[in-house]
Amino acid sequence: MGSPFTYEDPLQPPEALADRAEELALLRERIAETRNSGLAGPRGYGKTSLLNAALAAAEQEGFVPIYVNFLGVLTAADVAERIERAYREQLDGPLKRWFAGVVSTLGPRARAAPAGVGVELAPAAGLPSLLARLELPRRLHERHGRACAIVFDEFQDVVRAGEELVGTMRSGLERHGNVAAYVFSGSHPGLMRDLFSERRHAFYAQATLIDLGGLPGEDLSAYVGLRFERGRRDPGEALEPLLRLADGHPQRTMLLAHHLYESTRPGGQAGPEQWLKAFAAAVREANPEVQAVWDSWSNSERRLTSVIAQRTIPLQGRAARERYGVGKSGNNEATVERLQREGHLVADAQTATGWRVADPLLELWLANGRSWQSAD
């Protein structure tokens, strides 16, 4: 029997969701009332798993579920293509046949090829093409009488693509009324928060934002323990250091639990040996990701996160200045705000800086001087 801990992909089925009962209930309620929601949290906090559970529940209640991932989009044409692909791949039965008929009218259009031999496809213009695809929920409702529950994931990349694009999407969606409920999800909490709360943004006051935090240790303990028990294993004394290191981070908890499960024989109990083996396997797997984040940061971001990772050193103190080269406080505030907006930092009143690094494995690596040490 393989490991029951999924950490590379969103949790499936929805029943495997670790806690998030309150957030799921709120999303279900808002979808049922065709009201729009926002969902924000750092990467690895379980947004996509929660969204999958909300869409599964909405489908049971008669909605047509559509999930669109906008990661990496740059233009209106990119956004239109992602939306069209989502409908094409996720609809089935009569709805899929309906979509085939509708999409054939949206373009691209056939035109004569050079020299009059054959035909070629002319790409549709970006913004008109996008508006046509944003009309799909209304057309589906008119034809089949069903409302859609639509997730726009990694929506921060749409925002980054420009105000004209965001404004076009707002104008295309605002006429939908009760034909669709939207969930706008993003892994840059600050940007997503601004999107719905600042008047300068086209989506101001268009959705109620749900901020995802870390999970309580007691809930994760029950989740991990139950799955060990089902596999005839006992996490034993290794459970405490696992939960302490993961620090409520859903994905990192699953990663560590997976390797601990794999290191514990059926009928056995995990102890220090199994924990050290699991820890080594987990950090070996996480190392490329951790290194990539470090490489993407500026020197000021590196200095500040190195101090914040210590948890006991204030940013304005002598130690931060002499040991890490941290400069003036005004510059620090701007850098911290940027890191928080991008999901690298989360607020923590128990630390000397008021912040901690969102990824506990990245924090451990930073705290140990950019090296891995055994967790005890």
Hey, in the GNM for the chain with a 10 angstrom Cα cutoff, which one of Pro42, Pro288, Pro137 fluctuates hardest?
Pro288
Compute a Gaussian network model of the chain, connecting alpha carbons closer than 10 Å, and tell me which residue from Ala309, Ala149, Ala286 fluctuates the most.
Ala286
Which loop-located chymotrypsin sites (Phe, Trp or Tyr not before Pro) does the range 175-259 contain, where loop means any DSSP state but H, G, I, E or B and the Cβ has at most 15 other Cβ atoms within 10 Å?
Tyr204
GNM flexibility winner over the chain from Thr208, Thr305, Thr105 (Cα, springs under 10 Å)
Thr105
For the range 220-346 (alpha-carbon point model, no solvent) the Debye-based log₁₀ I(q)/I(0) at q = 0.14 Å⁻¹ works out to -0.73
Counting Lys +1, Arg +1, Asp -1, Glu -1, what net charge surrounds Tyr204 among other residues with beta carbon under 15 Å of its beta carbon?
0
As a test of reading the structure, rank Asp219, Asp153 by solvent-accessible area (1.4 Å probe, protein chains only), most first.
Asp219, Asp153
Given the peptides 250-257, 188-195, arrange them by the average over their residues of other C-beta atoms within 10 Å, most packed first.
250-257, 188-195
Compute the semi-axes of the equivalent ellipsoid of the chain, taking the square root of 5 times each eigenvalue of the Cα gyration tensor, and list them largest first in whole Å.
41, 27, 20
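Using only alpha carbon pairs under 8 Å that are at least six residues apart, calculate the relative contact order of the chain and give it in whole percent.
Reported relative contact order: 18 percent.
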Under 5 Å between amide hydrogens, which residues at least 5 positions from Val183 or on another chain qualify, with H placed 1.01 Å from N in the peptide plane?
Ser37, Ile150, Val151, Phe152
Heavy-atom accessible surface of the range 224-332: percent carbon and sulfur, 1.4 Å:
46 percent
Heavy-atom accessible area per residue - the range 313-376, 1.4 Å, Å²
53 Å²
What fraction of the DSSP beta bridges in the chain is antiparallel, stated in percent and rounded to the nearest 5?
25 percent
Probe 1.4 Å, protein heavy atoms only - accessible area per residue of the range 26-99 in square angstrom:
42 Å²
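The values are calculated or read from the model by the stated rules, or taken from the named source; none is laboratory data. What you see is a predicted model; the values in this text were computed from it and never measured. A quick note on method: Cβ atoms are made from the backbone with ideal geometry, for glycine too, and the neighbour counts reach across all protein chains shown. Keep in mind that these areas ignore ligands, DNA and RNA; they rest on the heavy atoms of the full protein, side chains included. Shrake-Rupley method; radii C 1.70, N 1.55, O 1.52, S 1.80 Å.
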